[in-house]
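Input: a single structure, listed below in structure tokens.
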Number of protein chains: 2
Amino acid sequence: MPWHESTSVNVDLGEKSYLIRIGDNLLEYAGQMIAEIMPGSKCVIVTDENVARLYLEILQESLASQNIEHAEIIVAPGEASKSFEVLQSVIGQILDTRFERNDVVIGLGGGVIGDLAGFAASMIRRGMNFVQIPTSLLAQVDSSVGGKTGINAVQGKNLIGAFLQPRLVIADSGLLKSLSKREFRAGYAEMVKYGLIDQPEFFRQLEENWVDVFSFGNLLVEAIAVSCKAKAKIVAEDQFERGCRALLNLGHTFGHALEAATGYDTNRLVHGESVAIGIILAHEFSNRMNLCDADSVERVRHHFTQVGLPTSIADIPGEMPDADKLLEYIFQDKKVSRGVLTFILTKGVGKSYIANNVTATEIQAFLKEKL
Amino acid sequence: MPWHESTSVNVDLGEKSYLIRIGDNLLEYAGQMIAEIMPGSKCVIVTDENVARLYLEILQESLASQNIEHAEIIVAPGEASKSFEVLQSVIGQILDTRFERNDVVIGLGGGVIGDLAGFAASMIRRGMNFVQIPTSLLAQVDSSVGGKTGINAVQGKNLIGAFLQPRLVIADSGLLKSLSKREFRAGYAEMVKYGLIDQPEFFRQLEENWVDVFSFGNLLVEAIAVSCKAKAKIVAEDQFERGCRALLNLGHTFGHALEAATGYDTNRLVHGESVAIGIILAHEFSNRMNLCDADSVERVRHHFTQVGLPTSIADIPGEMPDADKLLEYIFQDKKVSRGVLTFILTKGVGKSYIANNVTATEIQAFLKEKL
């Protein structure tokens, strides 16, 4: 497909607005797209060893075809690269290129690379240009919108970071073919989330067409676009996460606690899986509070089961801590403000809302039942 | 003076607007001022050993008087604390307090502390609240406005940083009594700069009343306020330094090169002194280019000499490099974009403007004459 015919989603943030280009085989046009909006800029690519092996050359050739001067920084794959040490090293290597504020940092990779490269770009000369080329489904539908970047601290994940909006996101659906089924499914859970927040029709379409999405059919690009649009709408209303953006945390408060409880062991649980289980728990809890009908809970559970996602804490291999310990993890989450728990609850499929009145006792009683 | 009668300058940045409170003996009211705009927030104070000895207790007592829970982080004094290592340590200590995003980081100190504490605050949970209590004249009239924070890299000063607007700045002119004459003068050079950019009447008042300012008279608070207002006006027009904010660099392109040439040895040259010499060089160069009359150059030189500031490269103790090497330092400065030098030139007192057409050859010839 010619790249200028690709699907585009505009993330409307005033003077910080940018386009997400979505389509098959877009990577080879990265040079043209970058030259079009930032003519004359040099590019430094930040990527990891796995992604570099698969896609770095295509990107380099695309930049070279437009005579764009470029450099590469390759880090180890995995969450451990979201550290102060790797950040410092990446920043040092970018500064060594002597590229300037108007030049570009490209993050080529999944969520870890996007967070790390974006955070580095936000700091160098107080903000270089940033282009994101997400290579996982999760990164394409989630971290490509919203401008969150960051690293992990000893005290917790993503506690150190910045907001930096990219100048451009290139979501090449063709790159997703190299993902494992498990990684693809994990990203799919975040797609479903958008339907469950406030787009019931999108959830219905996914129920109907998920096989097409999973087999890289025509609907994959459309489903990515709908997801990006759904997130972009919420982010545009609340860029710095002071209000409605909390809706995006549907399933995440439970989910983060589960991830923490497994010690972030991705052999046991990856982020998207924790979100799937978290979404079911949020629906079940809402049902218990007489907010959500049992049919909605079952409908969501059925769909997750159909695509092969876990739906209960019991689906996580290995020992899990008790309800009190899980509650502690929930309280350690960023989303606790002045000791009050903010939960995303739901009144049914596509009817999620922000609840500020959930008590620890209610959550504890609920978790005790579930464990 | 009751604190609510203190002079206030509003820095108008839309929803990021904030007040600079200026007056004698304001530090003891810090707790009230913070409680007024951020009720219920906890505070972590970042300061250095020297400032802590002089003023930490006053601030702690003021916070305690309002029942504000608080903690302290004390770093070594001096530019060396603007490093990745100290930043990481400060961030770790702030996270250890378990304070939340709505809590406050207070930077109590000079420019180094403001830059370091502000940068840490910008990153933690992607942005905690920040209150600045500048204790040097330079910090009160310069870094308290504009939201620039950051640290130094091996590759250059201030190359890593973020924009973070404080929620409040408390500029207590009484704290300046503990400054050495040399430090006070260095801050004064930046005050004069605002007059020379576009406020000729302010420059005239300083010429007339500098003795009052230097002896902590009534005009000191007013002069600080005029300076903050002057900078606030420019920053409000160009928050992210893409246009007219460059005016604030009057004297700084030459100045930074001189600082670099002395290896940032503050025994030989402090920042404000380098700015004073840089301002004279900018006026002389403008005169050489037939932009600025010789009388204006002499008027500025006379005033700097009067207050005891250096006015020529020859005033810097020790060996200085030759013109070619100085030119190299100028090219390494952040303010070089796409290889083009941006200089702030002047058509006379209070008539500065941004010049994008200065060539390296012209600067080189000028510097050869000066050395």
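The values are calculated or read from the model by the stated rules, or taken from the named source; none is laboratory data. Fair warning: this is a prediction, and the values are worked out from it, not measured in the lab. Neighbour counts are summed over all protein chains in view; Cβ atoms, including those assigned to glycine, are modelled from backbone coordinates with ideal geometry. These accessible areas exclude ligands, DNA and RNA; they are computed on the full protein's heavy atoms, side chains included. Shrake-Rupley method; radii C 1.70, N 1.55, O 1.52, S 1.80 Å.
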Can you confirm whether segment A:295-310 contains a residue that is open to solvent by less than 70 Å² (accessible area, probe 1.4 Å) and within 30 Å of B:Arg98 (Cα to Cα)? no
Residue within segment A:60-78 that is closer than 29 Å to A:Leu219 by Cα and touching a Leu at 6+ places or on another chain (Cβ under 9 Å) present: yes
Is it true that some residue in segment A:102-122 is without any contact (Cβ under 8 Å) to a residue 40 or more places away in the chain and among the charged types (D, E, K, R)? no
Would you please list the contacts, defined by Cβ atoms under 8 Å and residues six or more apart or on different chains, that run from a residue in segment B:351-362 that is among the basic types (Lys, Arg) to a residue that is surrounded by fewer than 16 Cβ atoms within 10 Å (Cβ to Cβ)? B:Lys351/B:Pro200
Selection within segment A:257-294 - farther than 26 Å from A:Leu179 by Cα and open to solvent by 30 Å² or more (accessible area, probe 1.4 Å): A:Asn287, A:Arg288, A:Met289, A:Asn290, A:Leu291, A:Asp293, A:Ala294
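Being in contact with a Phe, Trp or Tyr (Cβ under 8 Å, 6 or more places away or on another chain), away from every other protein chain (no Cβ under 14 Å) and open to solvent by less than 10 Å² (accessible area, probe 1.4 Å) narrows it down to one residue among A:Gly31, A:Gly23; which is it?
Values: A:Gly31 fails: in contact with a Phe, Trp or Tyr (Cβ under 8 Å, 6 or more places away or on another chain).
Matching residue, one of A:Gly31, A:Gly23: A:Gly23.
Please specify each residue of segment B:260-275 satisfying the condition of being touching a residue at least 60 places away in the same chain (Cβ under 8 Å) and farther than 17 Å from B:Phe343 by Cα. Give the steps one after another, and end with the answer.
Filtering segment B:260-275 for residues touching a residue at least 60 places away in the same chain (Cβ under 8 Å) gives B:260-261, B:264, B:266, B:270-273, B:275.
Selection gives B:Ala260, B:Ala261, B:Tyr264, B:Thr266, B:Val270, B:His271, B:Gly272, B:Glu273.
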Looking at (1) touching a residue at least 12 places away in the same chain (Cβ under 8 Å); (2) under 24 Å from B:Ile124 (Cα atoms); (3) among the basic types (Lys, Arg), can you tell me which one A:Lys229 breaks? (2)
Complete set of residues in segment A:278-310 that are under 20 Å from A:Glu208 (Cβ atoms) and either assigned to a loop (DSSP other than H, G, I, E, B) or of a type in the set (Ser, Thr, Tyr) (or both): A:Ser296, A:Thr305, A:Gly308, A:Leu309
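Looking at A:Gly109, A:Gly150, which is the one that is more than 14 Å from chain B (Cβ to nearest Cβ), in contact with an Asp or Glu (Cβ under 6 Å, 6 or more places away or on another chain) and either among the basic types (Lys, Arg) or at positive phi (or both)? Spell out the reasoning first.
Values: A:Gly150 fails: more than 14 Å from chain B (Cβ to nearest Cβ).
Criteria check complete, one pass: A:Gly109.
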With the structure loaded, tell me whether B:Leu87 is more than 14 Å from chain A (Cβ to nearest Cβ), within 17 Å of B:Ala117 (Cβ to Cβ) and modelled with pLDDT of 95 or more or whether it fails that test. no
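Please go through segment A:221-272 and give me each residue that is at positive phi and in contact with a Gly (Cβ under 7 Å, 6 or more places away or on another chain), ordered by number.
A:Gly251
Within segment A:153-187, how many residues turn out to be facing chain B (nearest Cβ under 9 Å) and open to solvent by 10 Å² or more (accessible area, probe 1.4 Å)? Steps first, answer last, please.
Narrowing segment A:153-187 to residues facing chain B (nearest Cβ under 9 Å): A:153-156, A:158-163.
Still in the running and open to solvent by 10 Å² or more (accessible area, probe 1.4 Å): A:153-156, A:158-159, A:162-163.
Looking only at that region, the number is 8.
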Mind counting the residues in segment B:242-256 that are of a type in the set (D, E, K, R) and open to solvent by 20 Å² or more (accessible area, probe 1.4 Å)? 1
Looking at this structure, is B:Phe203 within 15 Å of the chain's Cα centre (by Cα) and more than 14 Å from chain A (Cβ to nearest Cβ)? no
Which residue out of B:Glu190, B:Glu201 is acidic (Asp, Glu), open to solvent by 40 Å² or more (accessible area, probe 1.4 Å) and not assigned by TED's automatic domain parsing to the domain that holds B:Gly110? B:Glu201
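Is it true that some residue in segment B:65-74 is open to solvent by 20 Å² or more (accessible area, probe 1.4 Å) and either touching a residue at least 60 places away in the same chain (Cβ under 8 Å) or not assigned by TED's automatic domain parsing to the domain that holds B:Val154 (or both)? Even if it seems obvious, please write down each step before you answer.
Kept after step one, since they are open to solvent by 20 Å² or more (accessible area, probe 1.4 Å), are these residues of segment B:65-74: B:65-67, B:69-72, B:74.
Narrowing further to those that are either touching a residue at least 60 places away in the same chain (Cβ under 8 Å) or not assigned by TED's automatic domain parsing to the domain that holds B:Val154 (or both): none.
No.
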